[in-house]
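What follows is a single structure, written as structure tokens, with notes after it.
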Amino acid sequence: MGSHRMRTLRPWLLLAPTLALMAVLLAWPLGRVVWLSLQNYGLRELNRGTTNFVGFDNYVSVLTQPYLWTIVLPNTIGFAVVTVVGTVALGTLVALFLATLPVAWRYLASSAVMVAWAVPAITGTYVWVFLFDAADGLVTHALGGLGVIETGSVNWFLERWSFFGIAALNVVHHGFPFVAVTVLAGLLTVPTELYEAAVIDGAGAWRRFWSVTVPVLKPIFAVVTILSTIWDFKVFAQIFLMPGGSGTNREVFNLGVWSYIQSFAQGRYGLGAAIAVLLTLLLLGITVVYLRTLFVEEDL
Amino acid sequence: MRKSMAGMAAGILVVSLASCGDAGGSGGSGGSTDGGGKKLTVWIMEGTNPDASAYFETVTSTFKAKTGADLDVQMVPWSGAKDKFTTAIAGGTTPDVAEVGATWTPEFAEAGAIADLGDKVSAAGLDSDLVGSLKEAGTYDGRLYGMPWYAGVRSMLYNKDVFAKAGITTPPKTWAELTTAVEKIKKTQPKVTPFPVPGSSEFTATPFVWGGGGELATQSGGRWKSGLADPKAVEGITFLTDLALEHGSSTPAAATWTEKDALTAYAKGDVGMVVAGSWTPATLAQDAPEVAKKTGAFVMPGKSGMAPSAVGGSHLSVFETAKDKDLAWQFVQLMTTGDLAKKWGEESNYFSGQKSALDAQLASASDAQKVFATQMTQGGRTVPVTPQWGKVQGKKVIPTMMQSVLSSKADAKTATDQAAKDMDAAFAGN
Amino acid sequence: MSTTPAPVIAPVAPEESRDGAAPLRADRTSLRPWQVATLVALLGFALFPAYWMVSTALDPRASTRGGSLLPSGLTPRHFSFVLGDGGFGAFLLNSALVAVVTVLISSAVALLAAVAVARFRFPLRRQILVMILVAQMVPLEALVIPLFLQARTLHMLNSLLGLAVVYLAFSLPFAVWQLRGFVAAVPVEVEEAAYVDGCGWGQMFLRVLLPLVAPGLVATSVFSFITAWNEFIFALTFLQDDDKYTVAVGLQKFFGEHTADWGPIMAASTLITVPVVVFFLLVQRNLVSGLAAGAVKG
């Protein structure tokens, strides 16, 4: 059989199911989101299926709002930076620690770590909200007992910084197991000889980490960082379900929550779609930069 | 619900199989048979009636006996319900009949998703029997789109022990008495939160806007305009937030609380009084029986006498996608009148949307329920009935206003001005 | 070194024990004091929300628990309510069906794609890889309406299989990215040996490549499983019969409009968590130690 033609065709045959599924279920709907974003679209238009094009009005309206630049964008980016760094750093530390454990203990500990991932995000969020409840939460009782604050006198959900602090704790807690387990898997493949050589060279633990572990595991870090970035930029439930996060406290919106509230709570589907498109473009930009810096040309 | 649904599905299967054969015995005995072989899809909100499955089994068999048609009742959780309706409206996959939250009705009506029921209600002679506030809430552009089904109203619940220890003999009837009561509780029981003011609760704030003679919004010449920045409304909000901030009636935690959270705090027993819905005493009796035992109710205090309070609840609406609107209406009528309406009220602890059913319900009501009933019939108000009110709620205009004052980020004047602007923007469609 | 962006790195001598590979490895079974301290802190942090969830689920007075560290008592009441009146057994089965279908198909489809991008050089390869990544960037909440309309056109509404197909689309991009690393880590020589033995490409794939990347498939499936298991908004909007609801939708029935029933909510959450943990434990060996090693054995 024409093996050369087969050789050029085969990758496309292999890719076909994936591409078909993604075209039908992601690309096409995404196209509709873009199409929606060019319209002034409310429940009435949804019901009648009519169109109502307004050009780039929605984008202009979003991009010219000081609210976007002073609140939503800093929230989105700042929160993502903190949670990505937090998730990757904590995950890596945990992986390094797990690698030092005897096998049975490592098995036990990594199982426990995975439980943090298994708890549904909704439930996890409610638990953190309970813990930080201003009147009766564990944290206010603990701090009150230590005399740091008067028990019940501080409501952390009101202030932007503390609100996002709690949300970050929640997101990092839910996200670090993925990083820890992936990095651990990588760590276990690093050839012992590399470490032995480093020890002979007189490298301490810190230097061994940076000169052996990091270079070898660089592709792993690249992947977990990219994926964490994508996920953390889009964080929705963990913000939306916190006190004030569903709309009452406008200082704590991120792009995802803002888009959702414009669409479903206020019936402005066009505007919501425009925000979603901007979020996608932002992520795309960041990812392209990542890919350029993290991967050498041929690695990709 | 699950088991009964499976049972119901099996029932439907049997029936349809039977009707495949020649004129066998089953089905359409008695009553009209115009619905024979048809099936009506209904969406009902989850969690209103703890025993909904048994209730809807009765409804299904009654409906079948009456019309010969089958019922397909699907329960929808409140969370995400707006999304579910929205996608169904977009896709033309709405049910024949659905329970629609009272503030959504004008929005769905404006979008053209639900049908005008006015003529059918008049033809059935039910016009004069509808509970006024719920009828008003279901009316858009002069036509009735939502058939009043059940209603709830907010009044005050109080802890009798806390009041007794503070030496309060009669519950407060006015703002001045409310302040005194708060101060007495504060003085005698420092560990008790006299009256938490939840910042994320729209319906805790509205009685205080109305209680001083203010308005949320007024309509003139077909245009709505916010009344929140008017002096009387500002006075009410100032009074309420001063109670929290100056008189120590609340706790910092409450600034982000919803009604749920305030009730949870009350159920722990160290809260003096709380704004609560008419359906909550039953929940309380289950979750915290010992607190429930020492709980009383009193109507919302206003500047002088009872303050109006918001009536909430649900309508039953027929969607435009319904193939047989007469059959759909027969179902709505069955649910909202007579025994089934009364039974729903009793089981769900909500008030019936029909005056006659409500009276029957009140004949055997508890003291607390009678207080709530007084509130509803004599001091019940609706929020502005306009499709845009859904957007005002979606924007959380009132909770945002309350929270910014309670967190001391703004004073009452600044916050109400901002809220009025936000509300006017929503009315203008922005 | 053939660095590839995935959990699997350079091929390591296959005969070498994985346990000997990590730095500072101790061939002891006892722990040092600092390890004990760190372990306690780690477990405390990782498990606390789960502890809170389970203990509230068992607390007879869950709704008024407040900040107390210990529950006020222990009762199975909430669990029996959730499984009985709550009908959670059926939700668990529905979710299991959706999750298993999603995992199986997405593993198969993603593996084919991963082989294509890891083993072949062809035009547009880079673009396709980036596009697969981009597919994960769209906020799902924004896709609800368009995807609903699309699913209606394809007659996928109100069907658990239809829902599984949607989750497939969500989990594929991640799965392809993860798996391409596993595939790339299989030395080309192994494949070539198979050809020398007279295998065609298909036979090589089934007999050589597939067994070697199996552990990678398992690791990837964890993600697909969780995606399908926990998703809420698409399950709610796509499924019209309430007996088809999945666990995430079922959980919401304990939230009323103005009430939250914390005991059943936490009991239901526990029931949602347990199968995921069981799934983790089942694949744990592959996930952690075997994950990378398996790819180069043989």
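Give the span of segment A:65-299's Cα atoms along each principal axis, as three whole-Å numbers ordered largest to smallest.
63, 51, 28 Å, listed from the longest principal axis down.
At a probe radius of 1.4 Å, what is the per-residue accessible area of B:K370, in Å² to the nearest 10?
That residue has around 90 Å² of solvent-accessible surface.
DSSP loop (so not H, G, I, E, B), at most 12 other Cβ within 10 Å: list which GluC sites (Glu not before Pro) in segment B:212-262 pass both filters.
On the way: sites: B:E215, B:E235, B:E246, B:E259; in loops: B:E215, B:E246.
In loop regions of segment B:212-262 (DSSP not H, G, I, E or B), the sparsely surrounded GluC sites (Glu not before Pro) are B:E246.
What nm value, rounded to one decimal, do you get for the distance between B:T174 and C:Y195 when each label is placed 7 Å out toward the C-beta?
Distance between label points: 9.7 nm.
Could you tell me what percent of the DSSP beta bridges with both partners in the protein assembly as shown are antiparallel, to the nearest 5?
On the way: 34 of 47 bridges.
If we restrict to bridges inside the protein assembly as shown, about 70 percent are antiparallel.
With springs only between Cα atoms under 10 Å, which of A:V183, A:V172, A:V103 fluctuates most in a Gaussian network model of chain A?
So, out of A:V183, A:V172, A:V103, the one fluctuating most is A:V103.
Using the Cα gyration tensor of chain B, with a ≥ b ≥ c the square roots of its eigenvalues, what is the shape: rounded (a/c below 1.5), prolate (a/b larger than b/c) or oblate (neither)?
Values: a/c = 2.34, a/b = 1.68, b/c = 1.40.
The shape class here is prolate.
Take B:E346 and C:D85, extend 7 Å from each Cα along the Cα→Cβ direction, and tell me the distance between the two endpoints in nm.
About 1.7 nm separates the two model spin labels.
So, for segment B:126-177, what is the accessible surface per residue at a probe of 1.4 Å, expressed in square angstrom?
Result: 38 Å² per residue.
Note down the nm distance, to one decimal, between modelled labels 7 Å out along Cα→Cβ at B:Q286 and at C:L47.
About 3.3 nm, to one decimal.
What order, most packed first, do the peptides B:170-182, C:185-197 have when packing is the mean number of other Cβ atoms within 10 Å of each residue? Mind showing how you got there, number by number?
Values: B:170-182: 18.3, C:185-197: 14.5.
Going by the mean number of other Cβ atoms within 10 Å, highest first, we get B:170-182, C:185-197.
Using the heavy atoms of the protein chains alone and a 1.4 angstrom probe, what is the accessible area of chain C per residue in square angstrom? Provide the component values of the computation, followed by the final result.
On the way: 10620 Å² over 298 residues.
Roughly 36 Å² per residue, with all protein chains present.
So, by mean Cβ neighbours within 10 angstrom, what's the order for C:253-262, A:160-169, A:118-127, B:378-387 with the highest one leading? Spell out each step's value before the answer.
Details: C:253-262: 21.8, A:160-169: 18.2, A:118-127: 23.6, B:378-387: 20.1.
Sorting C:253-262, A:160-169, A:118-127, B:378-387 by mean packing, highest first, produces A:118-127, C:253-262, B:378-387, A:160-169.
Determine the principal axes of the Cα atoms in segment B:122-208, then give the extent along each, sorted from largest to smallest and rounded to whole angstroms.
59, 26, 20
Per residue of chain C, what 222 nm ellipticity follows from adding -39500 (n - 2.57) for every DSSP H run with n ≥ 4, rounded to the nearest 500?
Numbers: 13 runs with 191 residues, N = 298.
Helix-only estimate at 222 nm: -21000 deg cm²/dmol.
Could you state the number of Å between the C-alpha centres of segment B:242-261 and segment B:76-151?
One Cα centre to the other: 34 Å.
Please compute, for peptide C:112-124, the average count of beta-carbon atoms on other protein chains lying within 10 Å of each residue's beta-carbon. Each step should come with its number before you reach the end.
Values: counts 7, 9, 3, 4, 9, 5, 1, 3, 7, 2, 7, 2, 3.
Partner Cβ neighbours, averaged per residue: 5.
Below 18 Å, Cα to Cα, which lysines can B:K184 reach? Residues fewer than 8 away in the same chain don't count.
Those lysines meeting the cut-off are B:K160, B:K165, B:K173.
Please label the shape of segment A:163-284 as rounded, prolate or oblate, based on the square roots a ≥ b ≥ c of the eigenvalues of the alpha-carbon gyration tensor (a/c under 1.5 means rounded; beyond that, a/b larger than b/c means prolate, else oblate). Mind dumping the intermediate values first?
Values: a/c = 4.14, a/b = 2.78, b/c = 1.49.
Taking the square roots of the gyration eigenvalues as a ≥ b ≥ c, segment A:163-284 is prolate.
Using only the Cα atoms of chain C, build the gyration tensor, take square roots of its eigenvalues as a ≥ b ≥ c, and label the shape rounded, prolate or oblate: rounded if a/c is under 1.5, else prolate if a/b is larger than b/c, else oblate.
Numbers: a/c = 2.57, a/b = 1.35, b/c = 1.90.
It comes out oblate by the Cα gyration axes.
Just tell me which lysines come within less than 23 Å, Cα to Cα, of B:K39; anything on the same chain fewer than 8 places away is out.
Cross-link targets: B:K3, B:K64, B:K66, B:K84, B:K120, B:K323, B:K325, C:K244.
Which residue fluctuates most in the GNM of chain C (Cα springs below 10 Å): C:T220, C:T64, C:T273?
Result for chain C, Cα springs under 10 Å: C:T64 fluctuates most.
Inside 10 Å of the C-beta atoms of A:241-248, what's the mean count of C-beta atoms belonging to other chains? Provide the component values of the computation, followed by the final result.
On the way: counts 1, 1, 9, 9, 1, 5, 8, 17.
Mean shielding count: 6.
Where q = 0.05, 0.07, 0.09, 0.10 Å⁻¹, what log10 of I(q)/I(0) comes from the Debye formula for the protein assembly as shown, counting one point per Cα?
So the normalised log intensities work out to -0.33, -0.65, -1.05, -1.26.
Take the Cβ-Cβ distance between A:A205 and A:A104 as r, set R0 to 35 Å, and report the resulting FRET efficiency rounded to the nearest 0.05. If you can, show how the numbers build up before the last one.
Values: r = 24 Å, r/R0 = 0.68.
Here the calculated transfer efficiency is 0.90.
Probe radius 1.4 Å, ligands and nucleic acids left out: can you give me the accessible area buried at the A-C interface, summed over both chains, in Å² to the nearest hundred? Mind showing how you got there, number by number?
Details: alone 17720 and 16750 Å², together 24870 Å².
What A and C bury together is about 9600 Å².
Could you tell me how far the Cα centroid of segment A:198-260 sits from the Cα centroid of segment C:72-136, in Å?
Between the Cα centres of segment C:72-136 and segment A:198-260 lies a distance of 22 Å.
Could you tell me, in Å, what Rg and Dmax come out for the Cα atoms of segment A:5-138?
23.9, 71
Within 10 Å of each Cβ in peptide A:128-137, how many partner chain Cβ atoms are there on average? Round it to a whole number, please.
Working: counts 3, 2, 7, 4, 2, 8, 7, 16, 11, 3.
The shielding value for this peptide is 6.
Of all beta bridges DSSP finds with both residues in chain B, what is the antiparallel percent, to the nearest 5?
On the way: 32 of 45 bridges.
For chain B, the DSSP antiparallel bridge percentage is about 70.
The values are calculated or read from the model by the stated rules, or taken from the named source; none is laboratory data. Bear in mind that the values here come from a model prediction, so they are computed numbers and not experimental data. We place every Cβ from the backbone using ideal geometry, glycine too, and count neighbours over all the protein chains shown. Accessible surface areas use protein heavy atoms only, side chains included; no ligands, DNA or RNA. Shrake-Rupley method; radii C 1.70, N 1.55, O 1.52, S 1.80 Å.
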